[in-house]
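Down below is the structure, laid out as structure tokens.
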Amino acid sequence: MFHNIPEAVRARMRHLEEADARDRQDGTPFMERLRQIPVETGRFIALLAAATPPGAWIEIGTSAGYSCLWLGVAGREAGRRITTFETLEKKVQLARETFRLAGVEDLVDLVEGDAREFLADVGNVAFCFLDAEKEIYQDCYEAVVPNLVPGGVFVADNAESHGDVLKPLLKRALSDERVDALVVPIGKGELVCRKVG
């Protein structure tokens, strides 16, 4: 999978990595930055997604499409599509450009809007990656976990970097008998939950 990433995907990944690094160095205001995951987190979620049972793949928080490119690498390998949700129009436009330039439009359904308005209608979820505004994490967790297939995986980014803000979610997930959960110290920390059979 990682050895066969198309050059168009690699080129767009490099472009977004460089843009993200510039934003951080230039002091671009937090809300205007791409705020994307690091490379190691991208590889990690791709590996997890590729190993999930049959079912839908969703992403909450598209930004410019970087993490979705990693999921697209896994999706191409596994024969899956990704539905990704983004609320900010500017980032929706960037993501559409990303998917077009990377040649993954056939793998991605980009939905503009608040994922919470759609999650009740998304059943049989095999994989969910959550990387959005932290105040919606708890709502998304409670909406997605009941719809995970047995063996389905829910991953939430920033479990360590925003541990104080996400403390209620982490406590809930780590004690939730519906899932086996742990925090993995990759990138900014990933909460990984697997639905109990």
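What the table below lists for this structure:
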quantity	calculated
Residue under evaluation Thr52, criteria (1) more than 11 Å from the chain's Cα centre (by Cα); (2) of a type in the set (Ser, Thr, Tyr); (3) at pLDDT below 95; (4) crowded, with 21+ Cβ neighbours inside 10 Å, criterion not met	(3)
Candidate set from the stretch 78-132 (those that are among the polar types (S, T, N, Q) and outside any loop (DSSP other than H, G, I, E, B)); member that is surrounded by the most Cβ atoms within 10 Å (Cβ to Cβ)	Thr98
Candidates Glu89, Glu112, filtered to the one that is touching a strand residue (DSSP E or B) at 6+ places or on another chain (Cβ under 9 Å), free of Cβ contacts under 8 Å to residues at least 24 places away in the same chain, of a type outside the set (Val, Ile, Thr) and more than 22 Å from Gly187 (Cα to Cα)	Glu89
Tally, over the stretch 32-55, of residues that are assigned to a loop (DSSP other than H, G, I, E, B), in contact with a strand residue (DSSP E or B) (Cβ under 6 Å, 6 or more places away or on another chain) and not β-branched (Val, Ile, Thr)	2
Filter pass, Ala156 being in contact (Cβ under 8 Å) with a residue 60 or more places away in the chain and either closer than 28 Å to Ala19 by Cα or under 16 Å from the mean Cα position of the chain (by Cα) (or both)	no
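The values are calculated or read from the model by the stated rules, or taken from the named source; none is laboratory data. The structure presented is a predicted model; accordingly, all values stated were derived computationally and were not measured. Quick reminder, even Gly has a Cβ in these numbers, built from the backbone with ideal geometry, and neighbours come from all protein chains shown.
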